[in-house]
Each structure stands twice: as structure tokens, then as C-alpha cells.
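Novice: Got a structure here, written out as C-alpha cells. Questions coming.
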Amino acid sequence: MLRVLNAISDVVQNRPPPLREFDQIYMKVADMVVQAEYVARVFNGKDVVFVGDGDGIALSAAHLKAQEVIEYGPKSITLLDFDERIVHSVQRFGEMMQERVKISAHLYNVADPLPDEHFGAYDGFHINPPWGASNDGASVAAFFERGSQATKDKSLGIVVIADDPDLPWTQTVLRDTQARALDLGYVVAEMQPQLHLYHLDDAPDLRSCSCLFRRIDARRMEARSEPLTPSRLLNFYGRESPLRVRYVRQKPTLNMDRESDRVYTLEPLEVGNE
Ligand SMILES: C[S@@+](CC[C@H](N)C(=O)[O-])C[C@H]1O[C@@H](n2cnc3c(N)ncnc32)[C@H](O)[C@@H]1O
């Protein structure tokens with residue numbers, strides 16, 4: 001157990017600070033262990049794409065395998081994320097594991113069509129999108145569609161979204177996500193309800209589930225990837241918070257491996273003459 005926690009701790013240490021305005025809200029460590037082990041099992045030997053992954057579940061699954069804490073895990077992991085800080089942090093960490101798990105990360109915004117190189121390229125996808133409380137799940141559907149477009153006909157998709165039976169919006173989004181998945185030729189293969197907790201000050205008890213979808217009808221695959229229409233960008237990150245940013249860019253800092261030099265200053269110790 002200690003080796004598991006130390007491996008996940010390496011990943012947690014590598015994550016940039018979360019930006020709440022873009023729904024970056026990080027999963028708690030014990031739940032990361034559960035999710036990363038699950039991802040490693042479901043995607044054992046497969047090429048997997050993560051559409052967004054501030055939590056670091058992709059690196060956690062890869063690191064558990066690379067450190068030989070578990071014997072299984074994905075063959076390769078590709079991250080697509082609009083936050084350059086996350087892309088760089090995954091590239092940096094991934095370099096250390098290239099021999100055991102091939103890791104790559106690219107800047108990509110789900111508002112844009114999926115680039116050709118990623119279309120139909122992977123065996124499975126993983127998403128933990130903005131949970132869609134204020135847009136009837138449109139943000140979840142957008143991430144799901146990109147994951148689906150990025151995968152081959154025998155696609156598996158893991159979707160992590162809010163799940164609290166006492167919060168009606170979570171159940172409506174869950175239902176609508178499953179309905180959209182059916183449209184796209186998937187069935188629910190497994191469902192782990194109310195599984196994870198997050199570092200979320202204003203709703204510390206809000207949990208997410210992990211839902212595994214399997215594509216059974218390749219005829220329903222989308223032939224092309226189109227930009228999201230403007231109406232689908234509204235309330236993307238919450239009420240009055242539309243998708244208006246293409247990329248979060250990383251500012252250069254002198255302290256690559258330490259706290260940003262923008263959040264502190266150094267006050268010199270005055271040393272007198274002897
Ligand atoms: C929306 S957050 C969901 C919460 C999750 N626990 C987390 O913090 O990663 C998931 C990931 O999606 C990324 N993301 C947010 N908006 C995006 C967009 N428009 N296109 C691509 N990735 C996006 C974030 O940078 C983050 O890595």
C-alpha cells in the first residue's frame with residue numbers, strides 16, 4: 001500500500017495548481033488510486049486517449065505500471081488538454097516512463113474539430129469533463145463526442161461525472177449522457193456509483209461515478225469531427241461562464257521545479273560586518 005501511495009504522491013506533486021474557473025477541481029488521493037487501478041485494468045495493453053486530465057489519472061495508471069506496483073496498464077497514453085501547464089507537466093513526467101508506457105500530450109480544445117492524427121486512432125478514452133450543472137450536460141456530451149471520435153470501432157470509454165441521488169441535476173446529466181452514448185452506438189458496460197471525492201470547498205461531499213461505455217454499433221460512429229456550435233459553448237463551465245478561452249498558456253518562469261516566482265519575493269538577510 002505504501003508503494004501505491006508514494007507512486008500517486010509523485011503524480012500529485014507534478015500537478016499545476018487547479019484553475020477553478022475552468023472546473024479544474026482535483027480528485028482526492030485515495031480515489032485517484034482506485035480510479036488509476038481501474039483505468040490500468042480496463043485499458044491493459046491498449047492505446048488510450050484522455051480528453052482532459054488535470055487530476056493526473058493517466059500518469060497515475062502509467063506510473064503504477066512503470067514502478068511495477070501493478071503488472072498491468074495501458075500500452076500508450078495520449079493526453080489532449082487545453083491547458084499548456086498540464087500538457088507540459090505530463091510531457092515532463094512521461095519522459096521518465098517512456099520505456100514502460102509511451103506517453104504524449106498535446107494542446108487541444110474540445111470546441112475545435114479533432115485533428116486528423118487523433119481521429120479513430122485509439123482503443124479507448126477517458127474523460128472527467130465539466131459536469132454540466134448549468135448546461136444540461138452539454139459539456140459532458142462535448143467531451144464524450146471527442147473521445148468517441150478519437151477511438152476505433154471497438155471503443156471503450158470511461159466517463160467520470162457527478163453522481164449524487166439527492167442532487168437532481170446530477171441524475172439528469174447522467175441520464176442524458178447515457179442517452180447520447182446510446183445515440184453514438186454505446187451501451188453501459190459497468191457503473192461504479194458515487195465513487196470519488198474532490199478538493200471542492202463549496203461542495204466537499206459531491207461525488208462522481210465512473211461509468212464504462214462499450215461501443216456495440218460501429219454504424220453510429222461519426223464520420224467527421226465538427227467545431228462545437230456557439231450555443232454549445234454557453235454555460236460550459238457554469239452559469240454565465242461560457243467556453244471563451246482556446247488555450248491556457250504557461251508563462252515562462254525561472255523556477256521550473258519550484259513554486260512560481262510570481263507568488264513570493266525574497267527579503268534579504270542583512271549581514272553586518274565582523
Ligand atoms: C474540466 S476538468 C474536470 C475536473 C477534473 N477533476 C480535473 O480537475 O481535471 C478536466 C480537464 O479538462 C480540461 N479542459 C477544460 N476545458 C477544456 C476544453 N475546452 N478543452 C480541452 N480540455 C479542457 C482541464 O484543463 C482539465 O484538465
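Novice: Just to confirm the number: angle between the C-alpha axis of helix 168-183 and the first principal axis of the chain, 0 to 90 degrees, nearest 10?
Specialist: That helix lies at roughly 60 degrees to the long axis.
Novice: Grab the Cα-Cα distance for Val271 and Ser9, subtract it from 0.36 nm times how many residues apart they are, and report the gain in nm with one decimal. Intermediate values should be presented prior to the final figure.
Specialist: Numbers: separation 262, 0.36 × 262 = 94.32 nm, distance 3.88 nm.
Gain on extension, Val271 to Ser9, equals 90.4 nm.
Novice: For Lys75, give me every one of the lysines with a C-alpha distance below 25 angstrom, ignoring sequence neighbours fewer than eight places off in its own chain.
Specialist: Lys46, Lys65, Lys102, Lys152, Lys154
Novice: Another question, then. Please turn the phi angles of region 5-14 into ³J(HN,Hα) values with the Karplus equation 6.51 cos²θ - 1.76 cosθ + 1.60 (θ = phi - 60°), one per residue in order, whole Hz, x for glycine and proline.
Specialist: 5, 5, 5, 5, 4, 4, 5, 4, 4, 8
Novice: Return the equivalent ellipsoid semi-axes of the chain as a descending list in whole Å, where each equals the square root of 5 times an eigenvalue of the C-alpha gyration tensor. Walk me through the numbers on the way to the answer.
Specialist: Numbers: eigenvalues 200, 100, 72 Å².
Gyration-tensor ellipsoid for the chain: 32, 22, 19 Å.
Novice: Quick check: net charge around Lys154, other residues with Cβ under 14 Å of its Cβ, Lys/Arg +1 and Asp/Glu -1? Spell out each step's value before the answer.
Specialist: Numbers: positive: Lys46, Lys152, Arg214, Arg215, Arg219, Arg220; negative: Asp47, Asp123, Asp153, Asp217.
Local charge sum for Lys154: +2.
Novice: Find how much the distance from Ser104 to Tyr247 grows on full extension, using 0.36 nm per residue of separation minus their present alpha carbon separation; answer in nm with one decimal.
Specialist: Numbers: separation 143, 0.36 × 143 = 51.48 nm, distance 1.77 nm.
Value of the extension gain: 49.7 nm.
Novice: Separate question: Identify all aspartates and glutamates with a Cα-Cα distance to Lys251 below 19 Å; exclude those on the same chain that are fewer than 8 residues away in sequence.
Specialist: Glu21, Asp81, Asp83, Glu84, Glu259, Asp261
Novice: Pull up the DSSP beta bridges for region 2-233 and report the antiparallel fraction as a percent, rounded to 5.
Specialist: 45 percent
Novice: Oh, and also: Between the helical axis of 84-95 and the dominant principal axis of the chain, each derived from Cα atoms, what acute angle in degrees is found, rounded to the nearest 10?
Specialist: For 84-95 against the chain, the angle is about 80 degrees.
Novice: For Cα pairs less than 8 Å apart in space and 6+ apart in sequence, what is the mean separation divided by the residue count of region 2-233, i.e. the relative contact order in percent? Kindly include the intermediate steps, with their values, before the conclusion.
Specialist: On the way: 476 pairs, mean separation 42.1, N = 232.
This gives 18 percent for region 2-233.
Novice: While we're here: Compute the signed sum of charges (Lys and Arg +1, Asp and Glu -1) over the other residues within less than 10 Å, Cβ to Cβ, of Gly56.
Specialist: On the way: positive: Arg15; negative: Asp10, Asp53, Asp55.
Around Gly56, the charge tally is -2.
Novice: Enumerate by residue number the GluC sites (Glu not before Pro) in region 1-80 meeting two conditions: DSSP loop (anything except H, G, I, E, B), and at most 15 other Cβ atoms within 10 Å of the site's Cβ. Don't skip to the answer; put the middle values down first.
Specialist: Numbers: sites: Glu21, Glu37, Glu68, Glu71; in loops: Glu68, Glu71.
Answer in residue order: Glu68, Glu71.
Novice: Next up: Among Gln35, Gln192, Gln149, which one shows the highest mean-square fluctuation when the chain is modelled as a Gaussian network with alpha-carbon springs under 10 Å?
Specialist: Largest GNM mean-square fluctuation: Gln192.
Novice: Helix-only mean residue ellipticity at 222 nm, the chain, DSSP H runs n ≥ 4 weighted -39,500 (n - 2.57), per residue, nearest 500. What is it? Could the numbers behind the result be given before it?
Specialist: Working: 6 runs with 77 residues, N = 274.
Rounded to the nearest 500, it is -9000 deg cm²/dmol.
Novice: Work out, step by step, the length gained on full extension between Gln91 and Val187: first 0.36 nm times the residue separation, then minus their alpha carbon distance; give nm to one decimal.
Specialist: Details: separation 96, 0.36 × 96 = 34.56 nm, distance 3.30 nm.
31.3 nm is the gain from fully extending Gln91 to Val187.
Novice: Determine, from the Cβ-Cβ distance of Arg224 and Tyr264 and an R0 of 45 Å, the FRET efficiency 1/(1 + (r/R0)^6), rounded to the nearest 0.05. Before the final figure, lay out each step's value.
Specialist: Details: r = 49 Å, r/R0 = 1.08.
Between Arg224 and Tyr264 the formula returns 0.40.
Novice: Here is a further query. Helix 29-42 versus the longest principal axis of the chain: what is the Cα-based angle in degrees, 0 to 90, to the nearest 10?
Specialist: Here the helix axis deviates by roughly 50 degrees.
No value in this document is a laboratory result; all are computed from the given coordinates. Not measured: the values here are computed from a predicted model. Quick reminder, even Gly has a Cβ in these numbers, built from the backbone with ideal geometry, and neighbours come from all protein chains shown.
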